Structure formats: C-alpha cells, structure tokens
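All remarks here apply to the structure that follows.
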Amino acid sequence: DWSAVLALGDTATYLLLQKNCHGNMIFEDDTVPASQVRKLFVTPAKTSAPGYPTTFAKTVVEEMPQFPGGESALIDYFNKNLKYPATAKGKGIQGRVYINFIISKNGKVLYPYVVRGIDKECDKEALRLIRNMPAWKPGKEKGKAVLVRYNLPVRFSSN
C-alpha cells in the first residue's frame, strides 16, 4: 500500500513504489489513478484542461484551507508542541524543515512528507508535528470542498 508508506513519511520508499506500482491511490472518497498521483505532490493541478479530474489536489483555491483559529493559532500550536531534538540542538543544527501534505475535503491532514530537511531527527519531529495537527477548515472552490496541497516550514532555532 504505497499511500500508507507516504502517510508514514517514508518518502524514498514512496518514490520507489510510485515508479514501480500501477495501482490507484484512495483519498477518502476519491480514487486517483496511479498515472496521475505524482501530480498531487509535484505540480499544481490544471483546472482548465478538458476532462481533467476534479479530485486532484490544488495549490491555490478560492478559499484556502485554514488552521483552526487562523495563522496565529498555527504559530501557537508550533510553539507549544514542537520538541526540538536534544541531539540536533546540541550539535547546533538550526533551520527550516519543509513539509508538504494534502488537506482533505474534510480538513484532515493527509500524506505529509519532507520536501527539504535539515537533519534526520528534526525531519522526524517536523513530520510528527504536522501529523498531529487538528483538522483544518477545508479549502473550497466554487463553494465546494476540494483537496488542497499545502507546504509548511517548521522552524528549528535555539532562540
């Protein structure tokens, strides 16, 4: 189950399976053909192409998804829940881990993975933080909830 591999944050295995498997990926009520799955994570969906399925995650929608309570609540969530790994902190490792994920039509955070990391322990902590987020207010297009691909930086700093 290659979608489960990505859900666990194992990006390398996901990419290997994606290259060699030909099944479909299921996102709650939507099924995406294997030939189109990569577009969920790599390129923005084309909404103007005829026959282009509406199940693909978009990067920009009329109403963008929102963390419960807004951006300030998201910052508070990060401040309260981030556990800076002691080994990384001891080594002076700082920076941002960029996590990409899908926000479902129900607001669930799905399939987070590291786009750009800084350290194995920090990457793991950033994934944990994103996976444990509460449900978001889903993104909408023409008044209808849609899958939205989202990218967030998780900052590790001793300040």
Worksheet entry | trypsin sites (Lys or Arg not before Pro) restricted to segment 84-159 and DSSP loop, no more than 13 other C-beta within 10 Å | Lys91, Lys142
Worksheet item: Per residue and in Å³, how big is the convex hull formed by the alpha-carbon atoms of segment 67-158?
Response: 84
Response to the item:
Karplus ³J(HN,Hα) for segment 93-98 (6.51 cos²θ - 1.76 cosθ + 1.60, θ = phi - 60°; Hz, whole; x = Gly/Pro) runs 6, 9, x, 10, 9, 9
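Read-outs: derived from the displayed coordinates by stated rules, not from any lab. Please read these numbers as outputs of a predicted model, since none were measured by experiment. Using ideal geometry, Cβ is built from the backbone for each residue, glycine included, and neighbour counts are taken over all protein chains shown.
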